[in-house]
1. Once a ≥ b ≥ c are taken as the square roots of the eigenvalues of the Cα gyration tensor of the protein assembly as shown, is the result rounded (a/c under 1.5), prolate (a/b larger than b/c) or oblate (a/b not larger than b/c)?
2. Among A:Glu296, A:Glu122, A:Glu251, which one moves the most in a GNM of chain A with springs linking Cα atoms closer than 10 Å?
3. State to the nearest 20 debye the size of the charge dipole of the protein assembly as shown about its Cα centre, where the only charges are +1 on K and R beta carbons and -1 on D and E beta carbons.
4. On a full-extension model of 0.36 nm per residue, what is the gain between A:Val374 and A:Met253, subtracting their alpha-carbon distance, rounded to one decimal in nm?
5. Can you compute the modelled spin-label distance between A:Asn214 and A:Leu276, with each label point 7 Å from Cα toward Cβ, in nm?
6. If each residue's Cβ is checked for other Cβ atoms within 10 Å, how do A:Trp13, A:Trp249, A:Trp67 rank with the fewest at the top?
7. Classify segment B:1-64 as rounded, prolate or oblate, taking a ≥ b ≥ c as the square roots of the eigenvalues of its Cα gyration tensor: rounded when a/c is under 1.5, otherwise prolate if a/b is larger than b/c and oblate if not.
8. Just to confirm a number: summing +1 for Lys and Arg and -1 for Asp and Glu over residues other than B:Gln227 whose beta-carbon lies under 12 angstrom from that of B:Gln227, what do you get?
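The numbers here are math on the coordinates, done by the rules we state, and not lab data. If you're wondering where the values come from, they're calculated on a predicted model, not measured in any experiment. Please note: Cβ atoms are built from the backbone with ideal geometry, for glycine as well, and neighbour counts cover all protein chains shown.
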Amino acid sequence: MKLYLILAWRNIWRNKRRTILAASSIFFAIVLAIFTRAMQHGSYDYMIDSAVRMFTGYLQIHSKGYWEEKSLEKALDYDSNLIKKIEEIQSVEIAVPRLENFLLISSEHITKVTSVIAIDPEKENQMTKLSQKLISGRYLKKDDNGILISEGLAKILNVQVGDSVVLYGQGIYGITAATLCPVIGIVRFALPDLNNSLTYIPLSFGQTLFSMENKITTISVIINNPKKLDYVLSEVKKIVGDDYDVMSWEEMMPELVQGIQLDSVGGLIMLFILYLVIAFGIFGTVMMMTAERTKEFGILISIGIKKTKLILITTLEAIFISLIGALSGILISVPMIIYFHNNPIRFSGELAEISLKFGVEPIIPLSNDPGILVAQTSIVLIIAFLSSLYPLNHIRKLKPIEAMRM
Amino acid sequence: MSLIEIINLNKIYDKTKVPVHALKDINLKIERGEFTAIVGPSGSGKTTLLNMIGGLDTPTSGKVLIKGVDISKMKEDELIDFRLKNIGFVFQSFNLIPVLTAKENVEFIMLLQGISKDERERRIIELLNAVGLGDKLDARPYELSGGQQQRVAVARAIASHPSFVLADEPTANLDSVAAEGLLDIMKELNEKIGMTFIFATHDNKVIRRVRRIITLEDGKVKSDVFQN
């Protein structure tokens, strides 16, 4: 075997330029494929994380039927032990209780509908970084009896920090919920729909206002490793049993899932084109290498070298070239991925504006999922090996007499 | 039993527009230790006959018996194995594996035969010394002259201790000095160790040195003479 390895290794350097060219095509294919896929997956991960932190959490716990009806009668008991238990599950970052309702909000002669979210200010801030969206006033405290109002809504109502507004509507079982309370702070959301409609109040204030002592509507759970979602989901289900619904972000935001799937297919088509170009590149090189050695193969078979041994040598050559390309590709890709994972690519212009509109910072952190590296390297190597099958078939059919005449 | 026995051998190439009857009813016997040339003008069938003896081509009819074994009935893999163990080849050009040194080229064929390392080392030194290339063990083919390359090819051909060596126009690409040098070595091997050599050639330098001349014309044996 040693001599076959030596023979194959030396053979590939008979034409250095061609070997470097073939290895380079594999190198660039791997770097491009890994970079493209890491960028795509990185942007999805970032998009999902931004969206779940802003809206639903990676998973949410609520009473049966709440998600469909969004009714206060479907509220659940606020159980600090339950929240503690959930937070003890591996990979869970935080479990955030919320009590959500729709009310009318008035100032002087103007009245609007507002989505009121009663929150645990500290926990909410850990999940959504709400305090960072503050543009005036201060952030909520646990025992405040005032509101944080979104910038657009404040403008419509013509209110500023320190002004009072009326919140009016229904609490649980149709009980009137009405109060006059001060504006403690104003927050700005990039997404206009949110910026024109959201109001935050402390949880205890909300529970009193809606006549829902010790009740909440949802518990949103944030995890620090999205890959553990299924595990956390099953652990949470074990804890809450059949009493509550546990939904993943994918169930709660199907439009985001579809958007990602659609974009991913586009990325895969681009990758497929890249694979095709590589396949033809390698196939062409291997075909040339084989064609110019036909006479040599004929002589080797004549002197007693079995075709299987020749096939072994040419396969080893293909493996060497592929490995040179693949290893150098990995060597460049790994530090590149680590760098761009830690220092995300920041984009600007129209794309950045669109991104900001959706409340997402205009950056693309590359995914550092080793699965991408393994998958893309394997695919390119498989393509390289498949392209190298030509000489095997060529040798299999070779007749020494005809080969030596060439 | 003769080393090689050819009985009523015919070869017709019928894939061409007009079928070519390359060999017609050839009957020959070649014994151990012979130093024989198959000669004739281009197209007379000498290379075809050599290929039949070497099992590189199959006859349309007739038999080629090597040490009593009919090789025309063998399957491809059996034939390759048979060639490895029984026949040494020296071709006109492109004889050596270009990426292996002289030593490795000679060793390669012995490795395929499963010969032990010590025995391989012994034979390499002995054979390359015998062909006058004891100081060129680590030279690659491109570092050797045409004559030196052919001498390595001869060393490789006999390294596996074959029953005979087939040499197809071995001197065609050599100048006369190199050709004479190569023939000296082959003759010496023939005389010293009794190695059988069969040439296909039209080179007078070869024809002058052989003991038997088989002349082909239009695929038939025109004459078969022994000379001193």
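1. prolate
2. A:Glu296
3. With only Lys, Arg, Asp and Glu charged at Cβ, the dipole is about 3400 debye.
4. 40.6 nm
5. With each label point 7 Å from Cα toward Cβ, the separation is 6.6 nm.
6. Fewest-to-most ranking of A:Trp13, A:Trp249, A:Trp67: A:Trp13, A:Trp67, A:Trp249.
7. Here segment B:1-64 falls in the prolate category.
8. Combined, the nearby Lys, Arg, Asp and Glu give +3.
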